[in-house]
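Each remark here refers to the structure printed beneath this line.
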Amino acid sequence: MSGKIAVVGTGKIGEALLVGLLKAGRAPADVLVTARRPERAAELRARHGVVAVENAEAAKLAETLILAVKPQDLPALLDELAPHVSADRLVISAAAGIPTAFVESRLTPGTPVVRVMPNTPALVDEGMSVISGGAHATEHHLAAAEAVFDGVGRTLRLPESQQDAATALSGSGPAYFYFLVEAMIDAGILLGLPRDKAHELIVQAAVGAAVMLRDTGEHPVALREAVTSPGGTTISAIRELENHGVRAALLAALEAARDRSRELGAATGA
């Protein structure tokens with residue numbers, strides 16, 4: 001990427017992205033940020049040396065705009081930006097549930113739009129970002145979006161028709177793991193362990209299991225079976241999880257998350 005890049009709506013994810021840009025070699029003077037509160041803008045400027053501007057100025061100056069706002073805030077933001085965004089700019093939207101066609105309809109005809117669904121592990125450079133191109137996005141635009149989000153983890157291209165499913169699985173995914181870890185820590189306390197020891201045991205088990213899934217290439221069933229001895233402790237626990245319908249509950253939960261992603265888009269008129 002060349003030229004200035006703006007992060008519009010620099011909350012936690014937006015700040016993680018700007019840190020990734022700086023780590024990748026972008027000059028702070030070429031990274032613009034906007035924030036709703038002046039004190040937040042001043043904090044970002046002091047912490048990272050980037051340029052804090054108003055939304056309209058960001059749209060005028062930046063060749064690439066990253067819209068890192070909540071879906072309900074996107075329509076008003078697009079109305080504010082539209083008069084200043086020409087069709088030679090790249091607009092990257094990270095608003096959950098909002099299709100590229102909606103963003104395109106609010107901007108100059110022909111403006112390339114890329115839709116991205118990141119997740120919060122981007123804050124520790126372990127994010128997963130799902131990328132889909134709009135009607136006017138070329139390979140060049142998709143590669144530019146990947147260059148941004150590769151700085152905070154990994155990226156995956158998917159057809160936009162699969163974005164709501166990816167949001168349910170990956171965008172919301174970390175929360176399911178936190179929920180499971182929380183429950184397992186509580187179980188450790190019930191079994192007589194101090195909270196801090198239960199926390200250490202479960203967190204390291206989660207990290208180790210995730211690394212094995214990523215690095216071995218083994219199917220999760222194979223890895224689970226390697227821990228599950230006949231008549232042992234693990235199979236007794238698995239039986240209870242199945243008896244309590246944990247698998248079915250997860251399937252229903254992810255369907256609900258996907259449906260909510262669709263609803264968020266519909267609520268804005270997308």
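In what order, largest first, do Met212, Met117, Met128 sit by accessible area if the probe radius is 1.4 Å?
On the way: Met212 100, Met117 25, Met128 55 Å².
Putting Met212, Met117, Met128 in descending order of accessible area: Met212, Met128, Met117.
Taking the Cα centroid of region 156-192 and of region 57-81, what is the distance between the two, rounded to the nearest whole Å?
29 Å
How much of the accessible area of region 172-265, in percent, comes from carbon and sulfur atoms when a 1.4 Å probe is used? Please list the in-between numbers first.
On the way: 4610 of 7020 Å².
C and S fraction of accessible area: 66 percent.
Arrange the residues Ile189, Ile92 by how much accessible surface each exposes, largest first, with a 1.4 angstrom probe. Show your work: numbers first, answer last.
On the way: Ile189 60, Ile92 0 Å².
Result, largest first: Ile189, Ile92.
Which distance in Å, rounded to a whole number, links the C-alpha centroids of region 193-270 and region 17-38?
Cα centroid of region 193-270 versus Cα centroid of region 17-38: 35 Å apart.
Give the lysines reachable from Lys4 as a straight Cα distance under 19 Å; neighbours fewer than 8 places away on the same chain don't count.
Lys23, Lys60
Rounded, prolate or oblate: which one fits the chain, using the alpha carbon gyration tensor with axes a ≥ b ≥ c (rounded when a/c is under 1.5, else prolate when a/b beats b/c, else oblate)? Display every interim value, and only then the final one.
Details: a/c = 2.33, a/b = 1.88, b/c = 1.24.
It is prolate, given that a/c is not under 1.5 and a/b is the larger ratio.
Once every DSSP H run of n ≥ 4 in the chain is given -39500 (n - 2.57) and the sum is divided by its residues, what mean residue ellipticity at 222 nm do you get, rounded to the nearest 500 deg cm²/dmol? Don't skip to the end; give the middle numbers.
Numbers: 12 runs with 140 residues, N = 270.
For the chain, the value works out to -16000 deg cm²/dmol.
Just to confirm the filter: which GluC sites (Glu not before Pro) across region 206-270 are DSSP coil and have at most 14 other Cβ within 10 angstrom of their Cβ?
On the way: sites: Glu218, Glu225, Glu240, Glu242, Glu255, Glu263; in loops: Glu218.
Listed in order of number, the matching sites are Glu218.
How big is the charge dipole of region 212-270 about its Cα centre, in debye rounded to the nearest 20, if each Lys and Arg gets +1 on its Cβ and each Asp and Glu gets -1 on its Cβ?
On the way: 7 positive and 8 negative charges, 24 e Å.
Around 120 debye, computed over region 212-270.
Kindly report the accessible area of the chain per residue (heavy atoms of protein chains, probe 1.4 Å, no ligands, DNA or RNA), in Å².
In whole numbers, the chain has 54 Å² accessible per residue.
Calculate how steeply helix 246-267 sits against the longest principal axis of the alpha-carbon atoms of the chain, using the helix alpha-carbon long axis, and give the answer as 0 to 90 degrees to the nearest 10.
10 degrees
The values are calculated or read from the model by the stated rules, or taken from the named source; none is laboratory data. For clarity, every value in this text was computed on a predicted model and none was experimentally measured. Every residue, glycine as well, gets a Cβ built from its backbone with ideal geometry; the counts of neighbours run over all protein chains shown. Accessible surface is based on the protein model in full, side chains and every heavy atom, while ligands, DNA and RNA are left aside. Shrake-Rupley method; radii C 1.70, N 1.55, O 1.52, S 1.80 Å.
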